[in-house]
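**Q** Just dropping this structure here.
Throughout, read-outs are computed from the coordinates displayed, never taken from laboratory work. Predicted model only: the values in this text are computed from it and were never measured. Ideal geometry is used to build each Cβ from the backbone, glycine not excepted, and the neighbour counts take in all protein chains shown.
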Ligand code: AMP
């Protein structure tokens, strides 16, 4: 199996690149942000609870997100591999992911980090907010809160995967196709 994590701050282009990667490598896409928004739009209890955190730009509790990812993996036993997009975002999530993959007798193959500076990210998110309708992309203080969460809770995972020799950073500014080629080069070198 090819299991990859697409890593990076909000607005780095994880969703855009995931779409391209999953069609090239025939992978299942797990975006916890998309799954949470689908729950919210369906008006489930989980979705309503999660929305309180999403609206403030805070992370949703680990147990909720881990449970969702586990259900998704169990529902796709035929998968040739997974792209984890927006997950893991905390150390407990990374630990839980390792355990879940062990249960599938597999592991993380590679972690691809999209590196983009904060000014560019704010610009991109505010622009996306105009068309996506995502409330958390429309308010600059919510966006800054999401960066804080990223700095405090998610960025430490870069070191966790670097220590395993699995992390590869790619400059996430420029043409989508050029960035995509750089990501593919790391995967194809595996
Ligand atoms: P995203 O679409 O990945 O930018 O996620 C939007 C929001 O969903 C985040 O700001 C969090 O509130 C929540 N969220 C998504 N993925 C996670 C995760 N792995 N852990 C905790 N909260 C998450």
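**Q** If you go through the range 140-163 one residue at a time, do you hit one that is outside any helix (DSSP H, G or I) and touching a helix residue (DSSP H, G or I) at 6+ places or on another chain (Cβ under 6 Å)?
**A** Pass one, the range 140-163, residues outside any helix (DSSP H, G or I): 155, 163.
With touching a helix residue (DSSP H, G or I) at 6+ places or on another chain (Cβ under 6 Å) added as a condition, the list becomes none.
Within the range 140-163, not a single residue is outside any helix (DSSP H, G or I) and touching a helix residue (DSSP H, G or I) at 6+ places or on another chain (Cβ under 6 Å).
**Q** Can you find, within the range 31-48, the residue that is surrounded by the fewest Cβ atoms within 10 Å (Cβ to Cβ) among those that are in a helix (DSSP H, G or I) and near the ligand (Cβ under 9 Å from one of its atoms)?
**A** Going residue by residue through the range 31-48, those that are in a helix (DSSP H, G or I) are 32-41, 45-48.
With near the ligand (Cβ under 9 Å from one of its atoms) added as a condition, the list becomes 32-37.
Numbers: 32: 23, 33: 19, 34: 14, 35: 20, 36: 22, 37: 17.
Checked the range 31-48; the qualifying residue surrounded by the fewest Cβ atoms within 10 Å (Cβ to Cβ) is 34.
**Q** Among all residue pairs at least 6 apart or on different chains, which show Cβ distances below 7 Å where the first residue, located in the range 50-61, is farther than 16 Å from residue 138 by Cα and touching a residue at least 40 places away in the same chain (Cβ under 8 Å) and the second is part of a loop (DSSP other than H, G, I, E, B) and near the ligand (Cβ under 6 Å from one of its atoms)?
**A** Between residues of the range 50-61 that are farther than 16 Å from residue 138 by Cα and touching a residue at least 40 places away in the same chain (Cβ under 8 Å) and residues that are part of a loop (DSSP other than H, G, I, E, B) and near the ligand (Cβ under 6 Å from one of its atoms), the close pairs are 59/89.
**Q** Could you figure out which of (1) at positive phi; (2) in contact (Cβ under 8 Å) with a residue 60 or more places away in the chain isn't true of residue 4?
**A** Answer for residue 4: the failing condition is (1).
**Q** To continue, here is another question. Suppose the filter is within 11 Å of the ligand (Cβ to nearest atom), over 24 Å from residue 160 (Cα atoms) and assigned to a helix (DSSP H, G or I); does residue 51 pass it?
**A** Here the answer is yes, as residue 51 does meet what is asked.
**Q** Here is a follow-up. What single numbered condition from (1) surrounded by fewer than 19 Cβ atoms within 10 Å (Cβ to Cβ); (2) within 14 Å of the ligand (Cβ to nearest atom); (3) free of Cβ contacts under 8 Å to residues at least 40 places away in the same chain fails to hold for residue 91?
**A** Condition not satisfied by residue 91: (3).
**Q** Now for a different question. Taking residue 94, is it touching a helix residue (DSSP H, G or I) at 6+ places or on another chain (Cβ under 6 Å) and more than 21 Å from residue 39 (Cβ to Cβ)? Steps first, please.
**A** Numbers: touching a helix residue (DSSP H, G or I) at 6+ places or on another chain (Cβ under 6 Å): yes; more than 21 Å from residue 39 (Cβ to Cβ): yes.
Answer is yes for this residue.
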